[in-house]
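Accompanying notes for the structure given below.
The values are calculated or read from the model by the stated rules, or taken from the named source; none is laboratory data. Here the structure is a predicted model, which is why all the values come from computation and not from measurement. When we count neighbours, we look across all protein chains shown, and the Cβ atoms used for this are built from the backbone with ideal geometry, even at glycine. Surface areas here come from the heavy atoms of the whole protein model, side chains and all, with no ligands, DNA or RNA. Shrake-Rupley method; radii C 1.70, N 1.55, O 1.52, S 1.80 Å.
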Amino acid sequence: MVERKITGTPSEDVILHIDRDVALVLFEFLSRTVDDGDGEALLDFIEDESEVPALWALLAGLESVLGEPSEHYERRVEKAREAVTKRFGDAFSDKDGE
């Protein structure tokens, strides 16, 4: 992960509680889409340039609580994805039966 310099004073902190599986899935997604390539994968979805640094900050926060990837990182991500899908459902499932 590329370390980014954060300047200025932070605004009010927000505490967010999510389970570890969700955090790991988000971390992997943000690592792929925001960190690798500086967010270019999201260019069609970004409305304001401040959104990418905000996503970097979220990624850094997730990294700080998840710690360093282990030797079984890919398997952990796969299991976390399965757990999230089981808990919340599949975003791309055919809900209309079409």
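Which peptide among 77-83, 17-23, 29-35 comes first, and what is the full order, when sorted by highest mean count of other Cβ atoms within 10 Å? Kindly include the intermediate steps, with their values, before the conclusion.
On the way: 77-83: 15.1, 17-23: 13.3, 29-35: 17.0.
The packing order, highest mean first, is 29-35, 77-83, 17-23.
Roll a 1.4 angstrom probe over the protein heavy atoms and tell me the percent of accessible area of the stretch 32-90 that is carbon or sulfur.
Values: 2240 of 4420 Å².
Solvent-exposed carbon and sulfur of the stretch 32-90 make up 51 percent of the total.
Solvent-accessible surface of the stretch 42-98, taken per residue with a 1.4 Å probe and all protein chains present: 84 Å².
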